[in-house]
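Novice: Below you will find the structure I want to go over with you.
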Amino acid sequence: MIPEVAFKIVRGFAWVGIAVCIIAVFLLGPLALVGAGACALMSFGMTNFQSTVNQSYVLIDEHSIVFNLTHDSVLSFGSPKRDTLDYVGTIFTATLEQKIELFSRLQSTFPEIETVEIKKLNDKYKHPIYHQEDDKVTE
């Protein structure tokens with residue numbers, strides 16, 4: 001989500017920091033590294049500053065419930081069964097278009113999946129799957 005230009009700027013500052021530290025050593029002597037040593041060490045670490053893309057997989061099936069926030073780029077998943085390996089959690093997408101694409105792929109892959117339109121993320125806790133334990137205790 002961070003543009004590549006930001007990483008180029010940080011790498012540029014790192015090389016400038018290294019150059020300043022080397023110039024300070026020549027002008028002031030080794031004692032300059034007492035103050036500038038931390039900057040030099042930090043600069044050497046930031047010269048290879050790059051973005052990383054993390055990919056992960058989510059296990060869902062047609063029994064999962066998708067809570068679709070209507071005006072936000074968030075999809076939240078719930079599972080009616082507690083003992084399965086279904087994903088229960090929230091997925092944040094970078095844009096609303098990515099969420100719409102993900103949601104349409106989910107619906108085409110799992111046409112039987114239950115979807116619930118909600119306005120706020122906390123509204124999902126009003127769904128009956130979150131009140132199952134309460135029903136079992138009263139029985």
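Novice: Over region 71-113, what is the relative contact order in percent, taking alpha-carbon pairs closer than 8 angstrom and at least six residues apart? Provide the component values of the computation, followed by the final result.
Specialist: Numbers: 33 pairs, mean separation 15.5, N = 43.
Reported as a whole number, the value is 36 percent.
Novice: Report the net charge of residues surrounding V74, where surrounding means a beta-carbon distance below 13 angstrom and charges are Lys +1, Arg +1, Asp -1, Glu -1.
Specialist: Once all neighbours under 13 Å are counted, the net charge is +1.
Novice: Separate question: Would you mind counting up the charge near T95? Only other residues with Cβ under 13 Å from its Cβ, with Lys and Arg at +1 and Asp and Glu at -1.
Specialist: -2
Novice: Compute the orientation-averaged projected area for region 52-114 from the convex hull of its Cα atoms and round it to one decimal in nm². Don't jump to the answer; show the numbers that get you there.
Specialist: Details: hull surface 18.4 nm².
With the hull built on Cα positions only, its mean projection is 4.6 nm².
Novice: Using a Cα distance threshold of under 28 Å, what count of lysine pairs results for region 1-131 when pairs must be 8 or more residues apart or interchain?
Specialist: Counting lysine pairs in region 1-131 gives 9.
Novice: Also: Add +1 for every Lys or Arg and -1 for every Asp or Glu among the other residues with Cβ under 12 Å from the Cβ of I113, and state the total.
Specialist: Details: positive: R105; negative: D61, E62, D86, E112, E114.
With Lys, Arg at +1 and Asp, Glu at -1, the net is -4.
Novice: Given H placed on each backbone N at 1.01 Å, which residues far from L69 in sequence or on other chains put an amide H within less than 5 Å of it?
Specialist: Residues meeting the amide H criterion: V74, S76, I118.
Novice: Dipole of region 79-121, Cα-centred, from +1 at each Lys and Arg C-beta and -1 at each Asp and Glu C-beta, to the nearest 20 debye?
Specialist: That gives a dipole near 180 debye.
Novice: Rank H127, H63 by accessible area, highest first, at a 1.4 Å probe radius?
Specialist: Largest accessible area first, the residues go H63, H127.
The values are calculated or read from the model by the stated rules, or taken from the named source; none is laboratory data. These figures come from a predicted structure and were not determined experimentally. Here Cβ is always computed from backbone atoms with ideal geometry, including for glycine, and neighbour counts include all displayed protein chains. The area values use the complete protein model at the heavy-atom level, side chains included, leaving out ligands, DNA and RNA. Shrake-Rupley method; radii C 1.70, N 1.55, O 1.52, S 1.80 Å.
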